[in-house]
Structures are given as C-alpha cells and as structure tokens.
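Written below as structure tokens is the structure these notes are about.
The values are calculated or read from the model by the stated rules, or taken from the named source; none is laboratory data. It should be emphasised that the depicted structure is a prediction, and the values quoted were computed from it without experimental measurement. Heads up, the Cβs are rebuilt from the backbone with ideal geometry, glycines too, and the neighbour counts pull from every protein chain shown. Only protein heavy atoms, including side chains, enter the accessible area calculation; ligands, DNA and RNA are left aside. Shrake-Rupley method; radii C 1.70, N 1.55, O 1.52, S 1.80 Å.
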Amino acid sequence: YQYLSRYKREEDLDHFLFIPERTEGTEKECLKLLLEFCGRHNPSSTELSNFTHFLNFQLNKCQKLVFCSPAVRENFQRF
C-alpha cells in the first residue's frame, strides 16, 4: 500500500523506503488500491493474494539492490 499510494499520487519513489511497522491508510483504502492496480476485473481473493505476494516480493528485491541505494543514486544522478 505504501508504494502504490505514493505511485498513484505521482510521488518520487526513488527516495522512498518501505517501513513494515508503518501503518498507512485504512483497510478499505488498501483494498480499493489493490483492486485498482491488480489488473483484473473483479478479482478473486486468490488473485488478490497472488498479486500482493508478487508485488511484495518484487519490491523487497528492488529495495535490497545496491543500485537502488541512496549512496549509489547520488553518484549516478546523470544516468
């Protein structure tokens, strides 16, 4: 939800770091956002679960990449 809500508001995600302990939005807002980004019309609970697991996996991998770290980003701003 933290990434998707910022993406929808067109915020810069390059400087955002996901913090699992941070609670944002309501359950209703989260579900609405997941339904919007899931890419399926009227998805089942299994499809939503698969979507969230996949998205979580990809975002965790991205956050751990050295190329996405703030130190590297500062050195390669022109790229």
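Probe radius 1.4 Å, ligands and nucleic acids ignored: give me the carbon and sulfur share of the accessible area of segment 1-75 as a rounded percent. For segment 1-75, the apolar C and S fraction of the accessible surface comes to 56 percent. Computed over segment 1-75, the Cα gyration tensor eigenvalues convert (square root of 5λ each) into semi-axes of 25, 14, 11 Å, ordered from largest to smallest.
Pairs of Cα atoms nearer than 8 Å and 6+ residues apart set the relative contact order; for segment 1-75 it is 26 percent. So, for segment 2-56, what is the accessible surface per residue at a probe of 1.4 Å, expressed in square angstrom? Ligands and nucleic acids excluded, the figure is 81 Å² per residue. Could you compute the FRET efficiency for LEU17 and LEU55, with r as their C-beta to C-beta distance and R0 at 25 Å, rounded to 0.05? For R0 = 25 Å, the calculated efficiency reads 0.95.
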